[in-house]
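Novice: My questions will all concern the structure given below.
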């Protein structure tokens, strides 16, 4: 059962074993020197396991792992090694694949509470708007297939419009076979399928039965990412934010049946 779908009901060791078997195909499973305490593949597996069990604090989770595995390095050392693997993780998280339709949307990634936005010095963070009001930080823009897998994503400042980042995501449109892109009214422009407004004078391709059901899929995916603590505000640098997002996306995609 562990081979197909990691889940917190399987137990911590089973989930770690699942991720370790996957990570060995992309990362080295050999120690580079004698004093190295764990390999890159095992490190990625341990970092991914936290997202499955939905633990909000990475440092506390690592302390729990060290109780069962006394030979693990400190969390500072593990985090530093994880940031060195960030580019490799982002390269394998969204491989090209053929699909007929994709759903596009964005979700806020706040770096602090709105009342502290004026004092926050997080690099690159900006004021923006979401469904719940103002947000200070970034936004996650993603393509999701009808099966629920995140095909590609971008982390951009919150002040950028959805269509601006949407056209940047469209740069990889041929790699996915030229799918139809289904969005909400925030993507009201040519190139997207969106619900028509009252003053829309052309056919947007929106169908009242199928496309609203597709829209619910990406909302479900975002809810699953939020429950996996992707919005945890324990982040001080953009690198840390990117690492948390890529681990959450990988854990989500690998947990699909």
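Read-outs: derived from the displayed coordinates by stated rules, not from any lab. Note that this is a predicted model, so its numbers are computed, not measured. In this analysis, Cβ positions are derived from the backbone assuming ideal geometry, glycine residues included, and neighbour counts consider all displayed protein chains.
Novice: Listing 102, 239, 182 from the residue with the fewest other Cβ atoms within 10 Å to the one with the most, what is the order?
Specialist: If I rank by nearby Cβ atoms, fewest first, I get 239, 102, 182.
Novice: For the chain, what does the helix formula give at 222 nm: sum of -39500 (n - 2.57) over DSSP H segments with n ≥ 4, over the residue count, nearest 500 deg cm²/dmol?
Specialist: -11500 deg cm²/dmol
Novice: Roughly how tilted is helix 40-53, in degrees to the nearest 10 and between 0 and 90, from the longest Cα axis of the chain?
Specialist: 60
Novice: Sticking with this one: Relative contact order of the chain: what whole-number percent is it, with Cα pairs under 8 angstrom and at least 6 residues apart? Could the numbers behind the result be given before it?
Specialist: Values: 375 pairs, mean separation 55.3, N = 257.
Computed over the chain, the figure is 22 percent.
Novice: Top mean-square fluctuation among 210, 242, 201, Gaussian network model of the chain, C-alpha springs under 10 Å?
Specialist: 201
Novice: Can you give the three extents of the C-alpha atoms in region 101-254 along their principal axes, from longest to shortest, in whole Å?
Specialist: Per principal axis, max minus min of the Cα coordinates gives 46, 38, 26 Å.
Novice: Which value in nm describes the separation of the simple spin-label points at residue 175 and residue 14, placed 7 Å from the Cα toward the beta carbon?
Specialist: According to this spin-label approximation, the distance is 3.5 nm.
Novice: Which residues in region 37-65 have a backbone N closer than 14 Å to a point placed 7 Å from the Cα of residue 29 along the Cα-to-Cβ line?
Specialist: Flagged as within label range: 39-46.
Novice: For the chain, modelled as a GNM with alpha-carbon contacts under 10 angstrom, which of 202, 187, 75 fluctuates the most?
Specialist: Ranking 202, 187, 75 by mean-square fluctuation puts 202 first.
Novice: While we're on this one: Once you order the gyration tensor axes a ≥ b ≥ c over the Cα atoms, which shape class does region 65-145 get: rounded for a/c under 1.5, otherwise prolate or oblate by comparing a/b with b/c?
Specialist: Because a/c hits 1.5 or more and a/b fails to exceed b/c, region 65-145 counts as oblate.
Novice: Measure off 7 Å from each Cα along the Cα-to-Cβ vector at residue 238 and residue 92, then give the distance between these two points in nanometres to one decimal.
Specialist: If labels sit at residue 238 and residue 92, their model points lie 2.5 nm apart.
Novice: Right, next: Relative to a virtual label point 7 Å from the Cα of residue 164 in the Cα→beta-carbon direction, which members of region 95-109 show backbone nitrogen distances below 19 Å?
Specialist: 105-109
Novice: Between residue 202 and residue 68, what is 0.36 nm times their sequence separation minus the Cα-Cα distance? Round to one decimal in nm. Walk me through the numbers on the way to the answer.
Specialist: Values: separation 134, 0.36 × 134 = 48.24 nm, distance 6.16 nm.
Using 0.36 nm per residue and subtracting the Cα-Cα distance, I get 42.1 nm.
Novice: Can I ask one more? For region 8-92, what does the alpha-carbon gyration tensor say about shape, rounded, prolate or oblate, given a ≥ b ≥ c as the root eigenvalues, a/c under 1.5 as rounded, and a/b over b/c as prolate?
Specialist: In terms of gyration-tensor shape, rounded.
Novice: With a cut-off of 8 Å between alpha carbons and a minimum separation of six or more residues, what is the relative contact order of region 8-92 in percent?
Specialist: Worked out over region 8-92, it gives 25 percent.
Novice: Got a sec? Which residues in region 114-144 would a label at residue 256 touch, if it sits 7 Å along Cα→Cβ and we count backbone N under 20 Å?
Specialist: 140-144
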